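This report refers to the structure that appears directly beneath it.
The values are calculated or read from the model by the stated rules, or taken from the named source; none is laboratory data. Source: prediction; values computed, not measured. Here Cβ is always computed from backbone atoms with ideal geometry, including for glycine, and neighbour counts include all displayed protein chains. Areas reflect the complete protein model, heavy atoms only, side chains present, ligands, DNA and RNA absent. Shrake-Rupley method; radii C 1.70, N 1.55, O 1.52, S 1.80 Å.
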Amino acid sequence: MSASPSDNGAAVAPPCAPDLSTDELQRYSRHLTLPEFGREGQEKLKATSVLLVGAGGLGSPAATYLAAAGIGKIGLVDFDRVEASNLQRQILYGTSDVGRPKLDAAKERLTDLNPHVDVETHDVRLDSDNALEIIEPYDVVADGTDNFPTRYLVNDACVMTDTPNVYASIFRFEGQVSVFATEDGPCYRCLYEEPPPPGLVPSCAEGGVLGILPGFIGTLQATEVIKLIAGIGEPLIGRLLMADALEMNFRTLNVEKNPDCPVCGENPTQTELIDYEAFCGIPSSDSSQNGTDDVSQIPEISVQDLKKRRDAGDAPFVLDVRKPHEADIASIGADQLIPLDELERRIEEIDAEPGDEIVVHCRSGGRSAKATDFLRKKGFDAKNLAGGTLAWSDEIDDSVAKY
């Protein structure tokens, strides 16, 4: 049941809201005629700042609708450039933006959409050194990141700065939305206390994502931001909304605040930001110095060297560890394809003998590094193809599709 903006304790806007100009009164007239929202709700939007972490699939629709709605200040954190493969779902950008920094293109688009919104950009990789400083000035955070280390980092920084975290994630045909790190609600760690093992959950680049999915999940995320600010409706505090686009099915999971949570619990044991890549089991660049496994120490071969050896008639056996549908998109002429998640049980099928030289490749080099490490432990003289098919496309043959 909807509540008036002044009645709902979930509102996060500052108490002193600025007046609306004549142009703004006309621009937001459809908001002003909503009895549950009205001028007071619109003034709260104008008085509030929202930080979007990630200007990609989720950040694009969320930023677009938040700017259109009249949020006073929108911050964007991203450090990527626009690629052609982004355009299938990242609606902030157009073909003419390919190659541009995302933040430049995003600020231009959002300012054109609504010149009353102050767009602030942070062209950095969010990490433990800068997260608190970047997040603390904002009233609400919208987390649209696509990796576990940054999700845990954003969560912990929001808890430590008392900043509500409107979370969303997508994968293939499914999405999730919730509100974390409010005064009485759970945080992301209350739901996911530990990250999944590295490599268990493929990235969107590896697993794919339906282009429309971040559109409606990101719009749900923006809706939760506006509800929090205006103090209307029932925000997803203590609830995880799960959407399945194939079945067009929505269900809600109740999430309780964990009194023993190390970050937001009654007696938190973690009061500072940590090394989140290490927390998620991702080797750091200096891990070999600490005596731990480090995929960066796995033998590699460059795409240039592989091409030279093929041209000289001295080509090693090449194993592709991607999924079959990926090989249909882009191929560099591998001798055999066995997906990484099937490699252990299908190792006897490899058309090479232990001791034979094998070059292993995937899209960018991550999965093939894991496969190379596994094969070397089984006695194969395996090397990882650095950069995978992406490097082959960049350096050898640009007709090989990048996806």
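General observations
- Cβ-based net charge around Arg81, under 10 Å, with every Lys or Arg adding one and every Asp or Glu removing one: -3
- Note on Asp305: accessible area is roughly 70 Å² with a 1.4 Å probe, heavy atoms of protein only.
- Amide H to amide H distances under 5 Å link Phe180 with Asn165, Val166, Tyr167, where only residues 5 or more positions off or on other chains count and H is placed in the peptide plane.
- Measuring with a 1.4 angstrom probe and ignoring ligands and nucleic acids, His325 comes out at about 100 Å² accessible.
- Rounded to 10°, Cα long-axis angle of helix 366-377 versus longest principal axis of the chain: 40 degrees
- Dipole check for the range 89-166: with +1 at the C-beta of Lys and Arg, -1 at the C-beta of Asp and Glu, and the Cα centre as origin, the magnitude is about 440 Debye.
- Beta bridges from DSSP with both residues in the chain: antiparallel share about 35 percent, rounded to the nearest 5.
- Across the range 83-98, rounded Karplus estimates of 3J(HN,Hα) from the backbone phi angles (6.51 cos²θ - 1.76 cosθ + 1.60, θ = phi - 60°) give 10, 4, 5, 6, 5, 5, 9, 8, 6, 6, 10, x, 4, 5, 8, 4 Hz, Gly and Pro being marked x.
- Only one residue of Cys261, Asn147, Gly355 has its Cα farthest out toward the positive end of the dipole of the chain, where Lys and Arg carry +1 and Asp and Glu -1 on Cβ, and that residue is Asn147.
- Applying the criteria of a DSSP loop state and at most 12 other Cβ atoms within 10 Å to the trypsin sites (Lys or Arg not before Pro) of the range 76-181 yields Arg125.
- Ranking Tyr192, Tyr403 by solvent-accessible area of protein heavy atoms (1.4 Å probe, all protein chains present), from largest to smallest, gives Tyr192, Tyr403.
- Sorting Leu58, Leu253 on solvent-accessible area from highest to lowest, probe radius 1.4 Å, gives Leu253, Leu58.
- Qualifying trypsin sites (Lys or Arg not before Pro) in the range 366-395, where qualification requires a DSSP coil assignment and no more than 16 other C-beta atoms within 10 Å, comprise Lys378.
- Most mobile of Cys264, Cys187, Cys280 in a GNM of the chain (Cα contacts under 10 Å): Cys280
- Scaled radius of gyration (Cα, divided by 2.2 N^0.38 Å) that the range 80-138 gives: 1.28
- Longest site-free stretch - the chain; sites: GluC sites (Glu not before Pro), DSSP loop, at most 13 other Cβ within 10 Å: 1-182
- Ellipticity at 222 nm from helices only: DSSP H runs of n ≥ 4 in the chain, each -39500 (n - 2.57), divided by the residue count, give -8500 deg cm²/dmol.
- For the chain, the residue among Gln88, Val318, Gly208 whose Cα projects farthest onto the positive side of the dipole built from Cβ charges is Gln88.
- Lys, Arg +1 and Asp, Glu -1 on Cβ, resulting dipole of the range 99-248 about Cα centre, debye, nearest 20: 440 debye
- Near the amide H of Thr121, within less than 5 Å, lie the amide hydrogens of Leu76, all on another chain or at least 5 residues away, with H placed in the peptide plane.
- Computed over the chain, relative contact order equals 14 percent, with contacts defined as Cα pairs under 8 Å that lie 6+ residues apart.
- The phi-based Karplus calculation (6.51 cos²θ - 1.76 cosθ + 1.60; θ = phi - 60°) puts the 3J(HN,Hα) values of the range 219-224 at 5, 4, 4, 5, 4, 5 Hz, whole numbers, x for Gly and Pro.
- Cα gyration tensor shape of the chain, rounded if a/c is under 1.5, else prolate or oblate by comparing a/b with b/c: prolate
- Fraction of alpha-carbon pairs over 24 Å apart in the range 143-246 - percent: 22 percent
- Sum of side-chain charges, Ser331 neighbourhood, beta-carbon under 12 Å (Lys, Arg +1; Asp, Glu -1): -3
- Efficiency of FRET between Ile396 and Glu40 - r from beta-carbon atoms, R0 56 angstrom, step 0.05: 0.40
- Taking the C-alpha atoms of the range 96-204, convex hull volume expressed per residue in Å³: 148 Å³
- Residues with amide H under 5 Å from that of Lys383, placed H, sequence gap 5 or more: Ile358, Val359, Val360
- The charge dipole of the chain, taken about its Cα centre with unit charges on the Cβ of Lys, Arg, Asp and Glu (plus for the first two, minus for the last two), comes to roughly 960 debye.
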